[in-house]
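Input: a single structure, listed below in structure tokens.
No value in this document is a laboratory result; all are computed from the given coordinates. Note that the structure is a prediction, hence the values are computed from the model and not measured. Cβ placement follows ideal geometry from the backbone for every residue including glycine, while neighbour counts extend to all protein chains displayed.
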Amino acid sequence: MFKKLIGAFLVLTLALGLSLAGCAPAAGEGQNGAPATGGEQAAAPDTLDEENDDAPPGAEAQDSGPQDVAPSRVLIAYFSWADNAVVDLPASDDSAAIDALASASLFPPGNTGLLAYWIQENIGGSVFSIQVTDPFPSDFGAGANRVNQELAANARPELAGFVDNIADYDVIFIGFPVWADAPPMAVFSFIEQHDLSGLSIAFFSSFGGGSIGNSVRMLTEALPDGSTIVESTFGASGATFGNAEENIAAWLATLVF
Ligand SMILES: Cc1cc2nc3c(=O)[nH]c(=O)nc-3n(C[C@H](O)[C@H](O)[C@H](O)COP(=O)(O)O)c2cc1C
């Protein structure tokens, strides 16, 4: 029953979320709108009223505001270069602020972080930024070398933070940039170091001029038995990122968990 509710809830609250978007954290906002960092605990979700299964989803919306409208057992976990790179430029030098529509940005929230915000804007939920204890260098060449080494070694980089209350969620969106046709290895660390069994899992991704590559297959193989993978995956390329906000809303409207 709950999963049906979530599905209906997603569709219904998409419309509500769009009309209430002004109240939700804005994509690309400063610190007020920033997601929990890898070192912080994602906010505990509200729980749906299990005894009130027959009530229409979002029935309390008009009384309580948008935070109570959203499906509340949703976690949006994402990895972004922007949250995992050391920026060693003088404060006055913003030359590292690479065009976020086409390239990885060094500054939060990053492209994948933006996608995460837009998911939250539409359906609510808690946002968690996956972060490693050893950040990447901001120099692209040096960073790319490490990416390739970690991929070749099938590494599991150490995570800086964890979602301690993962059992409180029913649905998890996992977002990542494509790196060398694969997800960052820290996403595997996240998947393997949290108990995702029993959760419905949907992937979203941003990439440059390539494609999502082998990423979904690789991540799917790493998931535990008992997890339900949503077959539809969202991807925003550099060329389509300008339309990603509306495209991700349209994708969310198709999902049934
Ligand atoms: C080290 C590295 C490797 C990348 N490899 C690919 C790739 O194989 N294919 C692709 O389309 N984009 C690739 N990209 C581009 C990123 O996937 C893209 O810029 C993404 O939107 C960055 O998201 P972020 O800002 O959340 O990190 C790569 C970027 C970096 C930094």
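Taking amide H positions as placed in the peptide plane 1.01 Å from N, state which residues far from Phe176 in sequence (5 or more) or on other chains have amide H under 5 Å from it.
Here Phe79, Phe204, Ser205, Ser206 satisfy the definition.
Between Asn154 and Ala239, what length comes free when the chain is fully extended (0.36 nm per residue of separation minus the Cα-Cα distance, one decimal in nm)?
27.6 nm
Collect residues whose amide H, placed 1.01 Å from N in the peptide plane, falls under 5 Å from the amide H of Ala85; neighbours closer than 5 in sequence don't count.
Phe136
Could you list Val132, Val74 so that the one with the fewest beta carbons within 10 Å of its beta carbon is first and the one with the most is last?
Result, fewest neighbours first: Val132, Val74.
Starting from 0.36 nm per residue, how many nanometres of slack lie between Glu231 and Val216 once their C-alpha separation is accounted for?
4.4 nm
In nm, give the distance between the simple-model label positions of Asn145 and Gln193, each being 7 Å from the Cα along the Cα-to-Cβ direction.
2.5 nm
In terms of modelled amide H atoms, which long-range or inter-chain residues lie less than 5 Å from the amide H of Tyr169?
The list, which skips near neighbours in sequence, is empty: none.
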